[in-house]
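**Student:** Below is a structure I'd like to ask you about.
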Amino acid sequence: MSQWPSAKAKRVLSALLGIGWQLKRQTGSHRTLARIGWSDVVFAFHDGEEIGPKMMARLAKHTGLKPDGL
């Protein structure tokens with residue numbers, strides 16, 4: 001069982017921006033986020049889309065996001 005809840009993409013993006021990620025560029029719904037010391041991450045979700053626990057765990061691995069950060 002994952003410790004991650006499902007969350008709306010808009011909420012996840014807001015949490016990522018809150019921990020230091022910045023929007024580097026955007027093409028349609030594909031946003032490239034950058035943070036010093038980390039590889040760039042492509043966030044390809046529409047704002048109202050629900051992101052499931054498995055994808056949340058994968059995203060957290062690449063971004064440093066924590067479950068209590070949502």
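The values are calculated or read from the model by the stated rules, or taken from the named source; none is laboratory data. Keep in mind it's a predicted model, so treat the numbers as computed, not measured. We place every Cβ from the backbone using ideal geometry, glycine too, and count neighbours over all the protein chains shown. Side chains are part of the model used for accessible areas, which takes the heavy atoms of the whole protein and leaves out ligands, DNA and RNA. Shrake-Rupley method; radii C 1.70, N 1.55, O 1.52, S 1.80 Å.
**Student:** When we measure straight from the Cα of LYS24, which lysines land under 16 angstrom away, once same-chain ones fewer than 8 places off are left out?
**Tutor:** Partners found: none.
**Student:** Which far-off residues, 5 or more places away or on another chain, put their amide H under 5 Å from the one on ALA44, with H placed in the peptide plane?
**Tutor:** Result for ALA44 returns ARG31.
**Student:** Along the positive direction of the dipole of the chain (beta-carbon charges: Lys, Arg +1; Asp, Glu -1; about the Cα centre), which of LEU33, LEU70, SER6 reaches farthest?
**Tutor:** Most positive-ward Cα: LEU33.
**Student:** Turning to a different aspect of this structure: How high is the relative contact order of the chain, given as a whole-number percent (alpha carbon pairs under 8 Å, six or more residues apart)?
**Tutor:** In percent, rounded to a whole number, it is 42.
**Student:** What whole-number value in Å² describes the accessible area per residue of region 13-70 for a 1.4 Å probe? Each step should come with its number before you reach the end.
**Tutor:** Numbers: 3680 Å² over 58 residues.
Accessible area per residue: 63 Å².
**Student:** As a test of the formula, what do you get for the chain when each DSSP H run with n ≥ 4 contributes -39,500 (n - 2.57) and the sum is divided by the residue count, at 222 nm and rounded to the nearest 500 deg cm²/dmol?
**Tutor:** -9000 deg cm²/dmol
**Student:** Give the calculated FRET efficiency between ASP40 and ARG11 to the nearest 0.05, with a Förster radius of 25 Å applied to their Cβ-Cβ distance.
**Tutor:** Calculated value: 0.75.
**Student:** Could you look at the chain and say what percent of its accessible area is carbon and sulfur, using a 1.4 Å probe and all protein chains?
**Tutor:** 53 percent
**Student:** Work out from phi, with θ = phi - 60° and the Karplus expression 6.51 cos²θ - 1.76 cosθ + 1.60, the ³J(HN,Hα) of each residue of region 63-70, listed in order in whole Hz, and give x for Gly and Pro.
**Tutor:** With coefficients 6.51, -1.76 and 1.60, one gets 10, x, 5, 10, x, 7, x, 7 Hz.
**Student:** May I pose another question? Regarding the chain, what is the average projected area of its C-alpha convex hull, in nm²?
**Tutor:** Over all viewing directions, the chain projects a mean Cα-hull area of 4.2 nm².
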